[in-house]
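See structure below.
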Amino acid sequence: MNLAVWLERTAAVAGERPALLHGETVVADYATFHARASALAAALGRDGVKPGDRVALFMKNCPDYLVALYGIWIAGAAAAPINAKLHAKEAAWIIENAGAKIVFVTPDPGAALAEATDAEPIDISTDRFLAITDGPGRVAEPRTPDDLAWLFYTSGTTGHPKGVRITHGMLMATSLSYLADVDTVSADDAALYAAPMSHGAGIYAPVHVLGGARHLCPKSGGFDADEVLDLSEDSGPTSMFMAPTMVRRLTDRAKATGRRGDGIRTVVYGGGPMYRADIEEAVDWFGPKFIQIYGQGECPMAISALSRADVADRAHPRWRERLVSVGRAQSVVEIRIGDPDGNALTPGEIGEIMVKGLPVMPGYWENAEASQKTLRDGWLMTGDVGTLDADGYLTLQDRSKDVIISGGTNIYPREVEEALLTHDGVHEVSVIGRPSTEWGEDVVAFVVPAPGAAFDPAALDAHCLARIARFKRPKAYFEIRELPKNNYGKVLKTALRKILEERT
Ligand code: AMP
């Protein structure tokens, strides 16, 4: 079944309901959303796009993102959404790798693309786009669960990104799992696209189409904490996906302006490690609105979930311990902690997180070598390291390449970072290993001091001594104004290692 059938059905029974909003303005009801997407699908067909072909999207968040996405699916083609913050050359590489002949763009960042690629850009702000979404429509091309729906280019902190093959079946599994394990969706709800639609926020579009919810695209086309607070207040009950750094910024801003996030029903957070101090502060300020998910492009949004109650229930004896976990396996997957050969370890033992189930990818796009390394006997080798407890709660350590081995002992940077973040003078911190002739590696910390706070390594050392084992304490502290991050807000430890080389 084609995933776009959910749009056909919602449009058939609730065509008059508001579907797409730009800021607070309704720009399409469900009937119009469907009519425009299906007209676009027909136009793509006339342009020679065949089922299975790829069509790229290099767009900021906007309502027409969804018109283009569903148009591509109705045509039976697959979308290759590209992060709007990428350089035109990086986007051109992805377009070429995906073999896309057409790319939908917003003027920013699309204008820079023209010289970088041979693919035909179609600007959604032009009359041409209006015309091709205004013609006669068509029904959705029949698709099987194994057919490609989305080429998801991993953020890749090094080298070229890899295209994860996300199928119609995987997106349906992720959507149904959202309803089973994450949250409910009703026609009164609004899905706010605060995070890039090319990533997790877009993966959650289908479940909100299925539920007939409103799709709210901020006018800024990106993340702006004030805008999120304003829009939710006016449009609630509002749900959104956020990376942990966005939650941090939202809390800071809300506290500074005395706003409690009225209208926000749910913030699903994930995509990177959330520090305990940050989520505690967010729940203290906003209330029980937070649910965590753990996923990766290779199993989109659907590995584990930490429920609203688990995040907020302070009375539970294991609340603190669970708060730093990523929750339990979502309904559609099995999780195993594996030794280097992939054999299952017992609860409490640390190993690679392996995942099997309906939302796991069949492989990367035209990269058999990487697919073979990542998929073993149907298990996805996530490259993440963690432990499962006896109740099935999964806790992530650091990615294997980030683990610091000092004097033969593994030190997980996250644990040191968590300890440092409880110090008032620390705004952000990232911990890495520094080559050491004596120990193999030493622990060092890069610290962004809190506004107005002095950078005081001696105080930080005393703080660590009171909280974590001596051997885990950073041997050196470096002050830094801003941590290097990729486009999704993940700290680039490779870049930090370079900065360290330069400074020492
Ligand atoms: P991507 O494929 O770009 O979405 O990146 C996925 C990676 O982000 C995972 O393999 C994890 O390392 C990390 N990640 C995702 N969700 C979480 C989470 N809830 N907590 C910690 N790390 C996460």
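For this structure, a couple of remarks:
- Taken about its Cα centre, the range 5-388 carries a charge dipole of about 360 debye when Lys and Arg each add +1 at the Cβ and Asp and Glu each add -1 at the Cβ.
- Using only alpha carbons, the chain has a radius of gyration to Kirkwood radius ratio (Rg to Rh) of 0.97.
- Helical contribution to [θ] at 222 nm, DSSP H n ≥ 4, -39,500 (n - 2.57), averaged over the chain, rounded to 500: -9000 deg cm²/dmol
- Cα principal axis extents for the range 57-204, largest first, Å: 45, 43, 30
- Each DSSP beta bridge with both residues in the chain is either parallel or antiparallel, and the antiparallel ones are about 60%.
- Shown is the FRET efficiency for E233 and A114, computed with R0 = 41 Å from the Cβ-Cβ distance and rounded to the nearest 0.05: 0.55.
- Cα gyration tensor of the range 210-249 - equivalent ellipsoid semi-axes, whole Å, descending: 18, 12, 10
- Sequence-distant contacts, meaning Cα pairs under 8 Å at least 6 residues apart, place the relative contact order of the chain at 10 percent.
- Residue among N83, A37, G52 farthest towards the positive dipole end of the range 18-111, charges placed on Cβ: G52
- A protection proxy built from the mean count of other Cβ atoms within 10 Å ranks the segments 204-215, 464-475, 414-425, 231-242, most packed first, as 204-215, 231-242, 414-425, 464-475.
- Maximal additional length on extending the H427-D456 stretch stands at 9.1 nm, based on 0.36 nm per residue less the C-alpha distance.
- Within the range 403-503: Cβ-based charge dipole about Cα centre, in debye rounded to nearest 20 (Lys, Arg +1; Asp, Glu -1): 240
- Note on the chain: dipole from Cβ charges, positive end direction compared against G110, L171, S232; the farthest Cα belongs to L171.
- Full extension of the chain segment joining R128 with A14 gains 38.2 nm, where the gain is 0.36 nm per residue of separation less the Cα-Cα distance.
- Magnitude of the charge dipole, the range 325-446, Cβ model with Lys/Arg +1 and Asp/Glu -1, debye to 20: 360
- Ellipsoid semi-axes in whole angstrom, largest first, where each is sqrt(5λ) of the Cα gyration tensor of the range 403-503: 20, 18, 12
- In plain terms, the chain from I350 to D188 could stretch by 54.0 nm, reckoned as 0.36 nm per residue minus the Cα-Cα distance.
- Relative intensity, log₁₀ I(q)/I(0), of the range 109-196 from a Debye sum that treats every alpha carbon as a point, q = 0.16, 0.20, 0.24 Å⁻¹: -1.23, -1.33, -1.19
- The chain: DSSP helices with Cα axial extent of at least 18 Å and average Kyte-Doolittle hydropathy no lower than 0.0: 30-46
- The range 321-464: projected area of the alpha-carbon convex hull, averaged over directions, in nm²: 11.6
Laboratory data are not the source of any read-out in this text; all were calculated from the coordinates shown. These figures come from a predicted structure and were not determined experimentally. So basically every Cβ, Gly included, is an ideal-geometry build from the backbone, and we count neighbours across all protein chains shown.
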